[in-house]
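First comes the structure, then the notes that go with it.
Taken together, the values in this text are just the output of simple stated rules run on the coordinates, not laboratory data. Just so we're clear, the structure is a prediction, and the values are computed from it rather than from any experiment. Note that we place each Cβ from the backbone using ideal geometry, even for glycine, and neighbour counts take in every protein chain shown.
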Amino acid sequence: MKTNDLFFRLYFSIISLFVSGHFLKADCAPPSEWSRTYSHVVLRDLNHILTYVTGMERFVHGEVLESLTVYLEYLEQQHLETYGHCVRVAQRVFRLGQFVNAEIQKSGSAKFGRGTLKTHELVQLVLAGLLHDYGKLYLPREVLDKEKKLYPWEMAEIEKNVIKARLATDSVIDLALQDELRLKLEDILYFIKLLNDPEVSDSQRKMVMKYWNVWLTGIIINDVYYQILTPDQLDVLAFPYGTWSQEERKQFETHVQLSVDAVSEISWPDTFGELIPIISVHHEFLNGSGYPQGLTQEQIPFFGPLLTLMDIFDALRSSRSYKGPKTVQDTLKILRRMADKGEVDGRLLDILIQHLDEVYHW
């Protein structure tokens with residue numbers, strides 16, 4: 001595809017953007033019907049970014065622009081939720097970068113230990129935002145979109161186990177004991193469903209695990225043991241947050257390296273020498289508690305914490321298959337706690353809060 005033709009497509013697509021009044025400003029990615037109704041979603045979003053990020057067209061053109069378009073089109077087609085997240089992060093991390101630059105210009109290099117940001121560095125930050133989660137496409141879809149701690153087929157099997165045990169109570173001669181066992185089975189299923197919800201409160205989870213964990217795995221009826229849950233399933237239900245087992249979480253964490261590998265396939269100009277390192281550290285925390293390498297602040301590239309902060313901000317504000325969006329106020333409280341623990345950069349958080357409306361809406 002010729003560069004002129006591509007830019008013509010980009011220019012044409014922006015017209016439909018303003019006519020339709022649609023853009024990925026919502027905190028949850030639009031449904032798949034959205035992309036089918038409004039064509040050239042990727043080109044439209046790219047055009048918006050290209051025209052907004054002053055000077056971006058000087059660095060992103062020709063084969064680089066074509067490769068970027070192909071990557072984003074595939075991401076949009078395969079997982080719209082991730083695509084919307086990446087576009088929003090790219091938008092907001094650019095704005096945050098601008099305000100960080102303004103702070104450096106105002107206060108001097110001492111605060112961040114470096115001089116003002118160059119245009120190509122801000123463009124590089126936008127590209128990192130657009131592509132940082134590309135590796136998620138290589139993960140099993142059932143893991144990426146897992147809504148509950150247990151898969152539907154696991155819950156169906158558990159309900160069958162409860163029914164089987166319930167039928168076994170018919171042979172219990174002592175009617176009082178029979179009623180007790182049946183009520184206990186009802187409670188077991190209730191508490192399993194409660195724990196299966198990833199948004200169950202921590203106090204409820206701890207209470208159930210303290211008083212009911214022995215009963216959740218199975219029940220004895222007439223000296224016969226009827227298994228309800230496997231020990232592995234109980235471990236997943238006991239996990240304090242999210243929907244993944246430890247194995248699934250480890251699998252999810254590989255998306256960072258998968259993103260690096262995929263993005264490395266593009267022939268980036270030397271100007272973007274920090275692009276891959278920035279993507280590689282977007283889940284690293286300044287105190288060394290992040291992943292995949294457990295790097296500390298001294299080992300993390302300057303732009304990494306900017307991407308990390310806006311990645312977390314959008315993740316908290318977005319709807320997912322397993323959770324609803326946090327409010328802006330709750331999101332900032334969580335980020336402040338993370339800053340207090342040394343996970344994210346408190347200086348960047350202060351700048352984000354100071355310019356929240358301008359970063360959040362552009």
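Projected area of region 203-362, taken from the Cα convex hull and averaged over every viewing direction, in nm²? If you can, show how the numbers build up before the last one.
Working: hull surface 52.9 nm².
Reported value for the Cα convex hull: 13.2 nm².
Working from Cα positions, state the angle (0 to 90°, nearest 10) between the long axis of helix 175-196 and the longest principal axis of the chain.
10 degrees
Would you mind working out the magnitude of the charge dipole of the chain relative to its Cα centre, with +1 at each Lys and Arg C-beta and -1 at each Asp and Glu C-beta, to the nearest 20 Debye?
On the way: 38 positive and 49 negative charges, 176 e Å.
Charge dipole of the chain: 840 debye, to the nearest 20.
Sorted from largest to smallest, which semi-axis lengths in Å does the alpha carbon gyration tensor of the chain give for its equivalent ellipsoid, taking the root of 5 times each eigenvalue?
Values: eigenvalues 443, 111, 59 Å².
They are 47, 24, 17 Å, listed from largest to smallest.
Between 0 and 90 degrees, rounded to the nearest ten: what's the tilt of helix 62-78 against the longest Cα principal axis of the chain?
20 degrees
Average the reciprocal distances over every distinct pair of alpha-carbons in region 268-362, invert the result, and give the Kirkwood radius in Å. Numbers along the way, then the final one.
Details: mean 1/r = 0.0709 Å⁻¹.
The answer is 14.1 Å.
Rounded to the nearest 500 deg cm²/dmol, what is the calculated helix-only ellipticity per residue at 222 nm for the chain, with -39500 (n - 2.57) per DSSP H run of length n ≥ 4?
-19500 deg cm²/dmol
With θ set to phi - 60° and the Karplus curve 6.51 cos²θ - 1.76 cosθ + 1.60, what are the ³J(HN,Hα) couplings of region 99-110 in order, to the nearest whole Hz, using x for Gly and Pro?
6, 5, 4, 4, 5, 5, 4, 7, 9, x, 7, 4
Which FRET efficiency value, to the nearest 0.05, is calculated for T271 and E154 with the Förster distance at 56 angstrom and r the Cβ-Cβ distance?
Working: r = 49 Å, r/R0 = 0.88.
Efficiency computed from Cβ-Cβ geometry: 0.70.
Taking all pairs of distinct Cα atoms, average 1/r, flip it, and tell me the Kirkwood hydrodynamic radius of region 247-299 in Å to one decimal place. Before the final figure, lay out the partial values.
Numbers: mean 1/r = 0.0837 Å⁻¹.
Its Kirkwood hydrodynamic radius stands at 12.0 Å.
Could you check the simple spin-label distance between Y52 and K193, using points 7 Å along Cα→Cβ, in nm with one decimal?
Going by the 7 Å Cα→Cβ label model, 4.3 nm.
Test of understanding: ordering D145, D311, D223 by Cβ neighbours within 10 Å, fewest first, what list do you get? Each step should come with its number before you reach the end.
Values: D145 14, D311 22, D223 5.
Ascending Cβ contact count within 10 Å gives the list D223, D145, D311.
Which of the pairs K106/K323; K160/K323; K148/K184 have their Cα atoms more than 32 Å apart in this structure?
Correct reply: K106/K323.
If you wrap a convex hull around the C-alpha atoms of region 159-215 and split its volume per residue, what is the figure in Å³?
73 Å³
Determine the relative contact order of region 152-243: mean sequence separation of Cα pairs under 8 Å and six or more apart, normalised by residue count, in whole percent.
31 percent
Around P301, with a cut-off of 14 angstrom between Cβ atoms, what is the net charge of the other residues, counting Lys and Arg +1 and Asp and Glu -1?
Here the charged neighbours net out to -4.
Taking Cα atoms, how many degrees apart are the long axis of helix 328-340 and the longest axis of the chain, rounded to 10 and kept between 0 and 90?
Helix 328-340 and the main axis of the chain meet at about 90 degrees.
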